[in-house]
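The structure appears below as structure tokens.
The values are calculated or read from the model by the stated rules, or taken from the named source; none is laboratory data. Please read all numbers here as calculations on a predicted model, not as lab measurements. In this analysis, Cβ positions are derived from the backbone assuming ideal geometry, glycine residues included, and neighbour counts consider all displayed protein chains.
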Amino acid sequence: MAENVPLQHLMELERRCRRYAAGLPQKLEVKKRWLGVGFRIANQHILSPLGEIQEILDYPLVTKLPNSKNWFHGVANVRGSLVPVIDLQAFLGLEPVIPGRRSKILRIVMGHVEAGLLAPEIFGMKRFLEEDMRRLSANEYPKMSRFMVSKFTADDDQWGVFSMRVLSEDPEFFQILRF
């Protein structure tokens, strides 16, 4: 029996280890996140995909162009590039934004199109789970429906997703002069 003592100790040690051992980690499902920049248009919370916003700027010194539409503020020199500055709310047929402390410029670059879009307020980067993205119902955003692609809901707030890409392809976006 003395021969089996080391074996019995090993078996007892194994039994204790199994009894108190933590289970192997379970395979966790990694949920994809959607990242965007949150801003306000009128009283609506709006998002644009992070990849569609080049940068956020303070309102720059703008040179006005004669005979331009009310939503076209003019052009600004941003680090050596002339950037057209557009009041996004006014372009959408809403109340024009008066540049102030809270308003910012969302600079977009889509192919050959570069623009600075004036928004009354920026909320910064927002994260959502991709699985929480929902389709829009008809007429949820009547003034901007042609640019809206989906929505998210968080803490009883609805965030509509605005496509800067669709905006940059809209023919009206290039019609800055009044005739």
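Across the range 107-116, what is the number of residues that are in a loop (DSSP other than H, G, I, E, B) and modelled with pLDDT of 95 or more?
Result for the range 107-116: 0.
Which of the following residues is more than 25 Å from Leu61 (Cβ to Cβ) and at pLDDT 95 or above: Lys104, Lys126, Lys143?
It is Lys126.
Of a type in the set (D, E, K, R) and touching a Lys or Arg at 6+ places or on another chain (Cβ under 9 Å): is that true of Asp87 in this structure?
Taking the combined requirement at face value, the residue does not satisfy it.
Within the range 143-179, count every residue that is aromatic (Phe, Trp, Tyr) and under 15 Å from Phe72 (Cα atoms).
Summing the residues that are aromatic (Phe, Trp, Tyr) and under 15 Å from Phe72 (Cα atoms) in the range 143-179 gives 3.
Is there a residue in the range 103-118 that is surrounded by fewer than 17 Cβ atoms within 10 Å (Cβ to Cβ) and free of Cβ contacts under 8 Å to residues at least 24 places away in the same chain?
Looking through the range 103-118, at least one residue is surrounded by fewer than 17 Cβ atoms within 10 Å (Cβ to Cβ) and free of Cβ contacts under 8 Å to residues at least 24 places away in the same chain.
Tell me the strands (runs of 3 or more DSSP E) entirely within the range 117-179 that contain at least 3 residues that are under 18 Å from Gln54 (Cα atoms).
Ranges flagged: 121-129.
Of everything in the range 44-63 that's β-branched (Val, Ile, Thr) and under 14 Å from Ile108 (Cα atoms), which residue is surrounded by the most Cβ atoms within 10 Å (Cβ to Cβ)?
Per the stated criteria, the residue is Ile53.
With the checklist (1) in contact with a Phe, Trp or Tyr (Cβ under 9 Å, 6 or more places away or on another chain); (2) surrounded by fewer than 14 Cβ atoms within 10 Å (Cβ to Cβ) in hand, flag the one item Ile41 doesn't pass.
(2)
If you check Met164, Met133, Met144, which single one turns out to be touching a helix residue (DSSP H, G or I) at 6+ places or on another chain (Cβ under 8 Å), within 20 Å of Val37 (Cβ to Cβ) and surrounded by 12 or more Cβ atoms within 10 Å (Cβ to Cβ)?
Met164 is the lone residue from the list that is touching a helix residue (DSSP H, G or I) at 6+ places or on another chain (Cβ under 8 Å), within 20 Å of Val37 (Cβ to Cβ) and surrounded by 12 or more Cβ atoms within 10 Å (Cβ to Cβ).
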